[in-house]
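Here's the structure, in structure tokens; my notes come after.
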Amino acid sequence: MTQSMFRAKIYFNLQKDCILSEITSLSNHPFNVTQEEVRDDYFITFVIEAGEKRELLRDKLMASEQVQSVETLDENRLLVTKKSCGALPIIRQNHGMLDGMDKVNGSQRIFDIVVFRREDLKRIIAELSGIGSVSLGKLSPFESQLQLLSSRQAEVIELALASGYFDWPRKVEAQDLASELDIAHSTFLEHLRKAEKKLLIDALEQKTQSATAPAERKFILENST
């Protein structure tokens, strides 16, 4: 049976020193952070889309005591492991899943997350309030995307999300999830790949059809220095 899921946009101002807040002054514009992973509730690993400022940001990150390691992935991206400033572990511990990327601009963070229950979202907002100022932006059912899928595809991808299949490193293998659903491993993978393709196509179409949302632009402009 399909669970009720929600997509939420959270606007957050971090009220503590963080190296990510510092390096946006070097890039002169907000940057995106993707592929975030919490490690031991203390360190986080993520990818920064640094662009032409890659080397400058790399040097600044490596000089910070908060940063454990920095690796150059390509001409635009850096793989960073650093001490967490607190926001991402709060989201993860309360069963929130990042939906795509975060936007960072100084002390500002814009999180797009997916949650299974409203109670989880309430706890995320309450705990984020302990380390900064937070407000909830758009909240919408996630079923709008899941309705693109067949019932089996939706069941497969929801189980994969909830079980940590898409986490980095992966918390569960496809074979185990297939056994849980009592279907063949190859059948599970077929449903999963078809579901991923449909959701990715839909997400890309939505991205090309819309620019930065007005509320997001307002948040960035009002808090820019």
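The values are calculated or read from the model by the stated rules, or taken from the named source; none is laboratory data. Keep in mind that what you see is a predicted model, and the values were worked out from it rather than measured. Cβ sites come from the backbone with ideal geometry, for glycine too, and all protein chains shown count toward neighbours. When the accessible area is computed, the model is the full protein with side chains, heavy atoms only, and any ligands, DNA or RNA have been set aside. Shrake-Rupley method; radii C 1.70, N 1.55, O 1.52, S 1.80 Å.
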Relative contact order in percent for region 50-97 (Cα pairs under 8 Å, 6+ apart) equals 30 percent
At most 11 other Cβ within 10 Å, DSSP loop - GluC sites (Glu not before Pro), region 70-138: E75
Just grab the label-to-label distance for S179 and D74, each label 7 Å out from Cα along the Cβ direction, in nm (one decimal). 3.7 nm
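Let me know the Kirkwood hydrodynamic radius for region 1-95, please, with Cα pairs as the basis and the value in Å to one decimal. Before the final figure, lay out the partial values.
Details: mean 1/r = 0.0692 Å⁻¹.
One decimal place: 14.4 Å for the Kirkwood radius.
Please go through the residue pairs K16/K53; K53/K197; K16/K103; K122/K198 and name each one whose alpha carbons sit more than 21 Å apart in this structure. Numbers along the way, then the final one.
Values: K16/K53 24 Å; K53/K197 32 Å; K16/K103 17 Å; K122/K198 30 Å.
Result: K16/K53; K53/K197; K122/K198 exceed 21 Å.
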Taking only protein heavy atoms and a 1.4 Å probe, what accessible area per residue, in Å², does region 53-204 have with all protein chains in place? 52 Å²
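Calculate, for E190 and R170, the FRET efficiency according to 1/(1 + (r/R0)^6) with r their C-beta to C-beta distance and R0 25 Å; round to the nearest 0.05. Walk me through the numbers on the way to the answer.
Details: r = 19 Å, r/R0 = 0.74.
Taking R0 as 25 Å, the efficiency between E190 and R170 is 0.85.
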Given a 1.4 Å probe and every protein chain left where it sits, what share in percent of the accessible area of region 53-135 is carbon and sulfur? 46 percent
How big is the accessible area of Y42 in square angstrom, nearest 10, if you roll a 1.4 angstrom probe over the protein chains? 120 Å²
